[in-house]
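Enquirer: This is the structure I have questions about; it appears just below.
The values are calculated or read from the model by the stated rules, or taken from the named source; none is laboratory data. No experiment lies behind these values; they were computed from the predicted model shown. Neighbour counts run over all protein chains shown; Cβ positions are idealised from the backbone, glycine included. Accessible surface is based on the protein model in full, side chains and every heavy atom, while ligands, DNA and RNA are left aside. Shrake-Rupley method; radii C 1.70, N 1.55, O 1.52, S 1.80 Å.
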Amino acid sequence: MLFTLTGGSQVWIRPIRPTDKRLLADGLALLSEDTIYKRFLSPKPSLSRAELRYLTELDGHDHFALIAVRSDDGTMAGVARFVRLPDQPETAEAAITVGDR
């Protein structure tokens, strides 16, 4: 779906796909050190292949994510995800990252 943000920018919001690995890797490079630290709780200069696989190859039930992609340049604007806890299936951990731009 196409959404218009405050200020007029537009983003496409859709489920993340396995083909979004490069988009996620490039998106990390657009984040400030502070934003990266708040998301990962440590410095994170890049994402490994295993991390990119984990973050993009989801089952859509126990692990689900939406990505916001800027309509003007195709860069990542943000990602929201949840991962269901195996020992508490009615509970999930949520993570949201919004780009600094």
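Enquirer: Looking only at the stretch 13-23, how many residues end up being surrounded by 12 or more Cβ atoms within 10 Å (Cβ to Cβ) and part of a helix (DSSP H, G or I)?
Expert: 3
Enquirer: Mind checking which pairs have a first residue in the stretch 76-89 that is within 20 Å of P15 (Cα to Cα) and a second that is among the aromatic types (F, W, Y), Cβ under 7 Å, 6 or more apart or different chains?
Expert: R81/F64; F82/F64
Enquirer: So, one more: Residues that are surrounded by fewer than 15 Cβ atoms within 10 Å (Cβ to Cβ), under 11 Å from the mean Cα position of the chain (by Cα) and in a strand (DSSP E or B): does the stretch 75-91 have at least one?
Expert: no
Enquirer: While we're here: Looking only at the stretch 52-72, which residues are without any contact (Cβ under 8 Å) to a residue 60 or more places away in the chain, open to solvent by 60 Å² or more (accessible area, probe 1.4 Å) and either part of a helix (DSSP H, G or I) or within 28 Å of Q10 (Cβ to Cβ) (or both)?
Expert: R53, Y54, E57, F64, L66
Enquirer: Does the stretch 24-47 hold any residues that are aliphatic (A, V, I, L, M), outside any loop (DSSP other than H, G, I, E, B) and over 23 Å from E93 (Cα atoms), and which are they? Outline the logic, then answer.
Expert: Restricting attention to the stretch 24-47, the residues satisfying the condition of being aliphatic (A, V, I, L, M) are 24-25, 28-31, 36, 41, 47.
Next cut, outside any loop (DSSP other than H, G, I, E, B) only: 24-25, 28-29, 36.
Once the filter is applied, which keeps residues that are aliphatic (A, V, I, L, M), outside any loop (DSSP other than H, G, I, E, B) and over 23 Å from E93 (Cα atoms), the stretch 24-47 yields only A29.
Enquirer: In the stretch 92-101, which residues are of a type in the set (G, A, S), part of a strand (DSSP E or B) and open to solvent by less than 80 Å² (accessible area, probe 1.4 Å)?
Expert: Correct list: A92, A95.
Enquirer: Also, I was wondering about something else. For the stretch 30-51, name all the residues that are open to solvent by less than 70 Å² (accessible area, probe 1.4 Å), of a type in the set (A, V, I, L, M, F, W, C) and over 25 Å from D73 (Cα atoms).
Expert: The answer is F40, A50.
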